[in-house]
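Beneath this line is the structure, given in structure tokens, with notes to follow.
The values are calculated or read from the model by the stated rules, or taken from the named source; none is laboratory data. In this text, all values refer to a predicted model and were calculated from it rather than measured experimentally. For neighbour counting, all protein chains shown are included, and Cβ atoms are generated from backbone atoms with ideal geometry for every residue, glycine included. To get the accessible areas, we keep the full protein, side chains included, count just its heavy atoms, and leave off ligands, DNA and RNA. Shrake-Rupley method; radii C 1.70, N 1.55, O 1.52, S 1.80 Å.
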Amino acid sequence: MSATTLLAQSVPDTATAVAPELGVPDAAATPEPGAPHMVMSGDIPADEFRAAMASLAAPVTVVTCYDRTGSPRGLTASAVSSLSLAPPLILVCLDRGSRTHDVLVTADAFTLHLLGPENEDLARKFAGPTEKRFENVRLTSGPTSRHAPQLADSALRLTCARHDAIEAGDHTILVGRVAASDCRGRPAGGLVWHHRGFAHARPVPGR
């Protein structure tokens, strides 16, 4: 399993260019006369970019939905972030080469499962063969289960209505509007993907 993508940080509404630290001026700013301009020579090589992103710890989650026949579908995703408080939005970046991509981006609803250190096997399962992902996986019933499958072993589940889907390079940014939060009463999250392997995040003692 690998992290699916690098999440782009948000920029001000008036900005159309980023990375001023690289010498690229903000589009909204007026450079001083005679100021030097740095011309970007091209993209970073894919292997170099992939190696750099391996140093970025990312949350490990499972995203599920129903397909048009009512069958459960899902995958492991690590490119996940909150996006907005009002309204409550989250985003998930999905590889367009995934066999589950089209189902997720067209579903009316999906559930994001936050995984803990005890859920490594669950994360591996949903990164494995598509047809085996729900084998021997416990599902739970409840008010939100009719919208998207709910994994019983996940400590925290966010059920979302599809808000938007935005193409970005070789991925799609799926934006969901959070309609329900189901918590099992124990700490959620804590399973991260770092340096091409699982790592466990825990609070610093005394904080």
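Report the residue count in the stretch 145-170 for those that are open to solvent by less than 20 Å² (accessible area, probe 1.4 Å) and modelled with pLDDT under 95.
First, the residues of the stretch 145-170 that are open to solvent by less than 20 Å² (accessible area, probe 1.4 Å): 148-152, 154-155, 159-160.
With the extra rule that they be modelled with pLDDT under 95, the set shrinks to 152, 154-155.
Within the stretch 145-170, residues that are open to solvent by less than 20 Å² (accessible area, probe 1.4 Å) and modelled with pLDDT under 95 number 3.
Please go through the stretch 71-98 and pick out each residue that is out of contact with any strand residue (DSSP E or B) (no Cβ under 7 Å at 6 or more places or on another chain) and at pLDDT below 95. Outline the logic, then answer.
At the first step, the residues of the stretch 71-98 found to be out of contact with any strand residue (DSSP E or B) (no Cβ under 7 Å at 6 or more places or on another chain) are 71, 84-86, 97.
Gly97 - this is the single residue of the stretch 71-98 that is out of contact with any strand residue (DSSP E or B) (no Cβ under 7 Å at 6 or more places or on another chain) and at pLDDT below 95.
If only one of Thr172, Thr140, Thr144 is under 18 Å from Val80 (Cβ atoms) and polar (S, T, N, Q), which one is it? Lay out the reasoning, then the answer.
On the way: Thr140 fails: under 18 Å from Val80 (Cβ atoms); Thr144 fails: under 18 Å from Val80 (Cβ atoms).
Just a single option satisfies the conditions, and that option is Thr172.
To keep it simple, each residue is scored yes or no on (1) hydrophobic (A, V, I, L, M, F, W, C); (2) crowded, with 21+ Cβ neighbours inside 10 Å; (3) touching a residue at least 60 places away in the same chain (Cβ under 8 Å).
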site: Thr69; (1), (2), (3): no, no, no
site: Thr76; (1), (2), (3): no, yes, yes
site: Ala79; (1), (2), (3): yes, yes, yes
site: Pro87; (1), (2), (3): no, no, yes
site: Asp108; (1), (2), (3): no, no, no
site: Leu122; (1), (2), (3): yes, yes, yes
site: Glu131; (1), (2), (3): no, no, no
